[in-house]
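Right, one structure below, let's go through it.
The numbers here are math on the coordinates, done by the rules we state, and not lab data. Everything numeric here is computed off the predicted structure, so don't read it as measured data. Quick reminder, even Gly has a Cβ in these numbers, built from the backbone with ideal geometry, and neighbours come from all protein chains shown.
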Amino acid sequence: MISVVLFYSVTVAYPTVGLRTTFGALALALLGLSSTVPTLVAAFFSGALADRNDRAHLMRVVNLVGLLGTALLVGVLVLAPTAHVGLPGPSGFYLPEWVLFVYPAWAAVIVSSTLFRPAFNTSVPRVVPRSLLSRANGLIYAAAGVVTAAGVLACGILLTVEPAAYALAPPFALLFITQVALAAFDVDLTPGIRPGPPRSFAQDVRAGFAYIAGRRAILQITISGLVINFLTALATVELALYVTTWLGATQGFWYGAIVATMTIGASVGFLLIARVAFERRAGMTMILLTAALGVTLVALALVRSVWLAIPIAFLFGVIPGMFSTVFLSTIQSSVPDEVMGRVFSADEVGSYALVPVGQSVGGSLTYDIGVQGTYLAAGGTLVLFGVIMLVGFGALRRLSIRTSPGPARGSDG
């Protein structure tokens, strides 16, 4: 929700379509770049933090950081200084002064979510039987997706009828509710006892990456996440430009509607895949979903009507929802509790943490080849990568997971 408000606000801060597709694209690139380094640092250590500390306490602390960062964004959008700041780059390139204050606050929000995810994902197997992990992950993220879709749609409506600061009310409220819920949560989520002598924090970090390096299928999943998240970020950071310039739907409602449709699609994907017996073909399922995701991006690049884009956007949401459930269930079923946080952390470093990099590259690419060219390039490359996974990622192709105790077949390479 916060990204919807910020991406739209930065885009429409430039008064004409020409400025939005040039200077606006570069401003969006800088928005992604502003959170890249802190996100990478946070992702690198997030797993070790989750494996060494009470995960419930860790989630309380980092969610509070996100809450404070959102409050700071509200303040920036309320004050919104009107001056412009000239920057190096194309002739005449400038940023609205308020955008400069958005960057550090946005970085704090992104870092908080980066630290939160490994602690949360490692907590699920502590309260859910292994045989129900796929269904539990599907229900958890489907419920979150429905709430997010409603919130995104509300943000879009508020962006249309009120100043942008009001549109941050829904995400702020949800972060506050999360803080209250975490305060009331009293289940012991302290990590399992680790074998061997005590290790330093740095040794724990190295041990986590060594664990992944020694298990080929998990390494290939991590590499896949890196490429998929990078390429989808190329396109999604430009979604406000895509809706307002390529589709010609300039009101904030339509941007919110497209994002809400994707989020609803993700919820459907979470529920749908949980009802499919994918465990015996977990690796092949992820490979096929990767190629299908690329096809939807290409399709978005080929339509000019918002009414055609909406059903494609729904599919663009369904596929990542399905992929995420397979990924989460695979890691939660295959990796020991005492190292699971660091495996999820590696995914943060290898994929989610590179989303800001994809966003910055996407802005620069759009400046050079336009919105349609960016979507065609990202989608076509995803399809090609799906083929590469099918041919070259043998351990992933053979990967299956078990719902009873024991390692997944193929998880050790």
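Roughly what angle does helix 252-274 make with the longest principal axis of the chain, taking Cα atoms, 0 to 90 degrees, to the nearest 10?
It is inclined by approximately 10 degrees.
Could you give the spread of the C-alpha atoms of the stretch 52-176 along their three principal axes, from largest to smallest, in whole angstroms?
59, 36, 28
Set the Förster radius R0 to 51 Å, insert the Cβ-Cβ distance between Thr82 and Val276 as r into 1/(1 + (r/R0)^6), and round the FRET efficiency to 0.05.
On the way: r = 53 Å, r/R0 = 1.04.
The value I calculate is 0.45.
Quick one: check the C-alpha center-to-center distance for the stretch 265-318 versus the stretch 208-248, whole angstrom.
One Cα centre to the other: 14 Å.
Indicate the gyration tensor shape class of the stretch 258-322 (rounded, prolate or oblate), computed on the Cα atoms with a ≥ b ≥ c the square roots of the eigenvalues: a/c under 1.5 is rounded; otherwise a/b larger than b/c is prolate and the rest oblate. Working shown, then result.
Details: a/c = 3.84, a/b = 1.71, b/c = 2.24.
Oblate, since a/c reaches 1.5 and b/c is not below a/b.
Please work out how much length the chain gains when fully extended from Ile223 to Val161, using 0.36 nm per residue of separation minus the C-alpha to C-alpha distance, in nm with one decimal. Numbers along the way, then the final one.
Working: separation 62, 0.36 × 62 = 22.32 nm, distance 4.26 nm.
Length gained, Ile223 through Val161: 18.1 nm.
Rounded, prolate or oblate for the stretch 235-351? Axes are the square roots of the Cα gyration tensor eigenvalues, ordered a ≥ b ≥ c, and the cut-off for rounded is a/c under 1.5.
Values: a/c = 2.59, a/b = 2.02, b/c = 1.29.
In terms of gyration-tensor shape, prolate.
For the Cα atoms of the chain, what angle does the longest principal axis make with the long axis of helix 201-213, in degrees from 0 to 90, nearest 10?
Between the helix axis and the principal axis of the chain, the angle is about 80 degrees.
Distance from the Cα centre of the stretch 23-74 to that of the stretch 1-18, in angstrom?
The distance from the Cα centre of the stretch 23-74 to that of the stretch 1-18 comes to 21 Å.
Can you pull the three principal axis extents for the Cα set of the stretch 37-125, in Å, largest first?
53, 27, 16
Within a Cβ distance under 12 Å of Ala13, other residues only, what is the Lys/Arg minus Asp/Glu net charge? Numbers along the way, then the final one.
On the way: positive: Arg20; negative: Glu97.
Residues near Ala13 contribute 0 overall.
How would you classify the stretch 1-83 from its alpha-carbon gyration tensor, with a ≥ b ≥ c the square roots of the eigenvalues: rounded for a/c under 1.5, else prolate if a/b is greater than b/c, otherwise oblate?
Numbers: a/c = 3.67, a/b = 2.02, b/c = 1.81.
Note, shape of the stretch 1-83 comes out prolate.
As a test of the formula, what do you get for the chain when each DSSP H run with n ≥ 4 contributes -39,500 (n - 2.57) and the sum is divided by the residue count, at 222 nm and rounded to the nearest 500 deg cm²/dmol? Numbers along the way, then the final one.
Numbers: 15 runs with 302 residues, N = 413.
One gets -25000 deg cm²/dmol as the mean residue ellipticity at 222 nm.
If packing is taken as the average count of other Cβ atoms within 10 Å, what order do 177-189, 272-284 fall into, highest mean first? It would help to have the intermediate numbers written out before the result.
Numbers: 177-189: 11.8, 272-284: 18.3.
Order by mean packing, descending: 272-284, 177-189.
With Rg and the Kirkwood Rh both taken from Cα atoms, where does Rg over Rh land for the chain?
We get a ratio of 0.96 for the chain.
Any idea how far apart Phe176 and Leu384 come out in nm if each label point goes 7 Å out from Cα toward Cβ?
Once both label points are built, they end up 4.9 nm from each other.
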